[in-house]
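Step one of this worksheet: look at the structure below.
Nothing in this text is a laboratory measurement; each read-out follows from the coordinates by a stated rule. It should be emphasised that the depicted structure is a prediction, and the values quoted were computed from it without experimental measurement. Methodologically, a virtual Cβ is constructed for each residue, glycine included, from the backbone with ideal geometry; neighbour enumeration extends over all protein chains shown.
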Amino acid sequence: MRLLVTGGCGFIGTNFVLHILETHPDAFILNLDKLTYAGNRANLADLEQDSEHYAFVRGDIADKALVVSLIKERRLDAVVNFAAETHVDRSIAGPAVFAQTNVAGTLNLLEAAREARVERFLHVSTDEVYGTLGPDGQFFETTPLAPNSPYSASKAAADHFVRAYHETYGLDTVTTRCSNNYGPYQFPEKLVPLMRLKAKNDEPLPVYGDGSNVRDWIYVLDHCRGVELALLKGRAGEVYNFGGAAEMANIDVVKAILRRTGQPESLIRFVADRPGHDRRYAMNFDKARKELGFEPAMDFETGLDKTVEWYDNNPAWLESVQSGAYREFMDQWYKERR
């Protein structure tokens, strides 16, 4: 297994690299990451001493010549594409960069993979491309795409290009779509680490609307196992959903974090809902269960315990990723919604 992993210094990419190198001792991973604000090379710095199994290159997935040369020079078998701008609030404030990275960047990777004749192109997407659900029902792989935010629209466009490259050029592609991830190394603009951080600092916890928006939560290592299974066993041209079988309203997640940090619910502050905020996501992953043998192993309560404990034990990491630009953006965004 010789992989080009893009965005491997981000939250899910980091966990995937660690998982693959732990479970496949003979694997080699070349991590290509642009190191934008949410990418942290230090996450995997210890691996850089093991050149037989891991290497890092700082670069842009939009640089086709670079991608092709890396694949050919390192004799890489497959591309696993985690590289993406992912934060919905940021996509609302500035959608252009999401189109550039998530759409144009993916298209460039597909072209490079086709030119370099890789054996498989695995594209990591999101449940948000499906849009929103009412109180009942689930998303299936056949559910029509109906994105409601600039972020999810950019991911849906990328998904279409991946499908087109399989249908038009015969490129061996697999697309995975997953529900909300949580776990170690997640950047603190996302719900779980953000609420834990604010609770620890005795700051108000901003919750959109009435907090009743529902998400299906999956521990990040369960997602990584799903991507691994899709890479090894997935059928060419197919889409696979992954979920954690853990639907929870956002307000209940926030309260669970407050309990674990010993803080009162009086810290909760309801703020004006963000535009296009999807009401409910729920993933049906029967296809992945039947074809890949996927099953989430971590229940939400245990996973949240592990996640809060990880952040408690890694204060230096948390401090290192909180740049001034990050703090300024988040503070202004929530201030406008009070």
- Beta carbons within 10 angstrom, averaged per residue: use that to sort the peptides 88-97, 131-140, 32-41, highest first. 32-41, 88-97, 131-140
- Task: Mind checking which of PRO296, ALA236, TYR219 is farthest towards the positive end of the chain's charge dipole, using Cβ charges of +1 (Lys, Arg) and -1 (Asp, Glu) about the Cα centre?
- Result: ALA236
- Note on the structure: Computed over the chain, the relative contact order (Cα-Cα under 8 Å, seq sep at least six) in percent reads 18
- Amide H to amide H under 5 Å from CYS178: which residues, 5+ apart in sequence or cross-chain, H placed 1.01 Å off N in plane? SER125, THR126, ASP127, PHE242
- Item | Quotient of C-alpha Rg and 2.2 N^0.38 Å, computed over segment 13-150 | 1.17
- Message: Can you tell me which lysines have their Cα less than 27 Å from the Cα of LYS306? Leave out same-chain residues fewer than eight positions away.
- Response: LYS190, LYS198, LYS200, LYS255
- Residue among ALA256, THR106, ILE71 farthest towards the positive dipole end of the chain, charges placed on Cβ: THR106
- Task: Relative to the compact-globule scaling 2.2 N^0.38 Å, provide the ratio for the alpha-carbon radius of gyration of segment 135-200.
- Result: 1.51
- Query: What are the lysines whose alpha-carbon lies under 26 Å from the alpha-carbon of LYS287, with same-chain residues fewer than 8 places away excluded?
  - Reply: LYS155, LYS233
- What is the Cα centroid distance between segment 266-288 and segment 170-228, reported in whole angstrom? 11
- Message: Contact order normalised by length for segment 28-165, with contacts defined as Cα pairs under 8 Å and 6 or more residues apart; what percent is it?
- Response: 24
- Rg/Rh for the chain: what does it come to with C-alpha atoms and Rh from Kirkwood? 0.94
- Between helix 191-200 and the chain: long-axis angle, C-alpha atoms, 0 to 90°, nearest 10: 40
- Figure the gain on full extension for ARG269 and THR36 (residue separation times 0.36 nm, minus the Cα-Cα span) and round it to one decimal in nm. 80.9 nm
- Query: Non-local amide H neighbours of LEU3 (under 5 Å, H modeled in plane, Pro and chain starts lacking H): which ones?
  - Reply: PHE28, ILE29, LEU30, ASP77
- Message: Along its three principal axes, how long is segment 33-106 when you only count alpha carbons? Whole Å, largest extent first please.
- Response: 42, 26, 16
- Provide the packing ranking of 2-11, 179-188, i.e. peptides ordered by the mean count of other C-beta atoms within 10 Å per residue, highest first. 2-11, 179-188
